Amino acid sequence: MTDREPMVASSLERIFPIPGVTEDWDDVLERAGEESALRPETGLFRKRPARVAIAFVALAAVAVAALLIGAPWKSSPGFLERAQAGLVPPPRSILHQRFETTVTSKDFGCTVTTQPSELWIDLTPPHRWRVLADDFIHEGPRADPRTFACASRGVTELGGSLGAARTLELVLPNTLTFSPRAHLTPPGDSDYATTLREAIASGIAHDEGMTELDGREVRRIRYDHCSGPPCDQASSYAYVDPESFHPVQEVWPSGYVIVNRDGVFRFDVEVSYLTYEYLPRTPANVALTDIRAQHPGARGPETKGAVR
Amino acid sequence: VTAASGATVEELESLYRAELPSFVRTAAAIAGDDGAGRDAVQEAFAQAVRKRESYKGDAPLEAWVWRIVVNEALAVRRRRAPELEWDPETAGGGGQEDSDEDSAVRAWVTALPDRQRHVVFLRYFADLDYRSIAAALAIEVGTVSATLAAAHAALRRCHEEALR
């Protein structure tokens with residue numbers, strides 16, 4: 001160093017302080033495709049990009065809708081037709097869901113149920129969304145396996161637009177920052193409903209008829225994720241209201257897998273829907289999909305309007 | 001131990017864990033804010049992992065990674081422009097608590113030509129030696145020295161003018 005350099009270094013150290021950082025090497029590996037290369041096939045979940053674990057939250061409901069809209073119902077075409085008609089979202093509406101998720105690990109002997117999460121998606125492009133979700137859900141494949149199944153971490157608020165490169169996260173008390181976690185990604189390019197129909201056109205949905213779930217009469221749908229052997233992914237199930245066709249519960253045996261240096265950890269996942277409804281696209285309801293509108297005074301990384 | 005050709009994931013992880021604050025600080029200064037800097041570093045290391053076989057061992061691994069980080073931070077900044085101009089209140093920390101003098105120095109650094117600014121960041125934020133800076137920015141070692149001297153001179157001039 002020259003004699004000038006220590007002085008400059010000291011000055012810059014004060015003016016440009018080292019930011020608080022949290023290591024997230026798993027995120028690096030995910031971005032590099034390393035983890036997905038190691039992760040075994042995991043049914044529907046494997047179709048999600050590794051970085052978009054939060055998509056699980058929204059697409060779970062989407063998957064149910066998808067099952068009902070266009071699958072080749074072999075045993076009950078009448079039910080399919082009614083469901084198809086009943087599940088078409090009203091034009092210019094806001095999808096609103098409240099749900100809780102239960103994750104069970106046989107490896108660790110743990111079961112945890114999240115606090116109720118709440119999600120709003122504007123069905124009009126650019127499909128702005130906002131979610132209040134229990135943290136471990138959207139930490140997804142980066143989660144510590146034991147914590148994933150054995151602890152609930154509290155609710156985090158995230159928001160963005162489907163397919164956007166970044167997700168905003170509220171950091172209490174009143175700051176918006178780019179989330180190191182996931183972002184929602186639509187299952188296709190632009191047309192939400194069309195993409196959902198395409199997602200179920202593979203013919204893996206089967207109507208198993210009426211059954212009872214927690215004292216409630218529901219329709220059970222089996223979802224076979226493999227078209228033939230070898231197949232290590234168990235079927236999942238969707239329980240839907242027979243009249244409204246809205247989802248009541250989804251059950252995903254071994255529905256989530258975390259692979260890390262310690263091994264492969266499988267988790268059973270249940271999503272129970274407390275609310276599933278389409279809201280009219282009023283200004284007040286649109287604001288529910290907008291994390292900035294909910295926190296107008298928040299400082300944020302894109303205060304000049306890049307991420308909308 | 002770094003292989004003569006190709007890097008391992010473990011080496012990259014070790015570097016990441018050892019130097020993450022420096023990487024983020026520098027990337028944030030280049031990209032425009034802490035969030036963008038963090039994202040650039042994550043993405044840069046992902047690139048490094050993907051391209052690790054192409055590391056030839058002709059420069060320190062750290063310098064090779066720094067080059068990727070700087071390029072990614074610049075790419076982030078280009079993608080964001082013009083929506084987000086460099087914001088002295090958010091870039092690289094600092095902000096409202098700055099003194100007038102700090103704000104002035106921050107502005108002087110910001111006003112440096114890109115190469116001078118990047119050399120300053122890599123010298124003082126990343127604490128790289130001249131050879132590593134040269135490798136990171138793909139310039140000659142002598143150019144690093146000259147560029148840093150020019151940056152010092154520019155900052156000194158700004159300081160002297162401010163004292164008048």
Review point. Quick one: how many residues across the stretch B:138-155 are surrounded by 21 or more Cβ atoms within 10 Å (Cβ to Cβ), touching a Lys or Arg at 6+ places or on another chain (Cβ under 7 Å) and of a type outside the set (Val, Ile, Thr)?
Key: 1
Practice item. Give the number of residues within the stretch A:223-242 that are surrounded by 15 or more Cβ atoms within 10 Å (Cβ to Cβ) and at pLDDT below 80. Key: 7
Check your understanding: Can you tell which of B:Val144, B:Val109, B:Val120, B:Val105 is at the interface with another protein chain (Cβ under 8 Å from one of its Cβ atoms) and either modelled with pLDDT of 85 or more or touching a Cys at 6+ places or on another chain (Cβ under 7 Å) (or both)?
Key -> B:Val120
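Table: residues versus (1) within 22 Å of A:Thr175 (Cβ to Cβ); (2) at pLDDT below 90; (3) within 14 Å of another protein chain (Cβ to nearest Cβ).
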{"site": "B:Thr2", "(1), (2), (3)": "no, yes, no"}
{"site": "B:Val24", "(1), (2), (3)": "yes, yes, yes"}
{"site": "B:Ala29", "(1), (2), (3)": "yes, yes, yes"}
{"site": "B:Gly37", "(1), (2), (3)": "yes, yes, yes"}
{"site": "B:Val49", "(1), (2), (3)": "no, yes, yes"}
{"site": "B:Ser54", "(1), (2), (3)": "no, yes, yes"}
{"site": "B:Arg67", "(1), (2), (3)": "no, yes, no"}
Exercise for review: Return yes when B:Pro82 is at pLDDT below 85, surrounded by fewer than 18 Cβ atoms within 10 Å (Cβ to Cβ), touching a Gly at 6+ places or on another chain (Cβ under 9 Å) and not aromatic (Phe, Trp, Tyr) and no when it is not.
Suggested key: no
Review point. Taking the condition more than 10 Å from chain A (Cβ to nearest Cβ) and in a helix (DSSP H, G or I), does B:Arg17 pass?
Key: no
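The values are calculated or read from the model by the stated rules, or taken from the named source; none is laboratory data. The structure presented is a predicted model; accordingly, all values stated were derived computationally and were not measured. With ideal geometry, Cβ positions are generated from the backbone for all residues, glycine too; neighbour counts draw on all protein chains shown.
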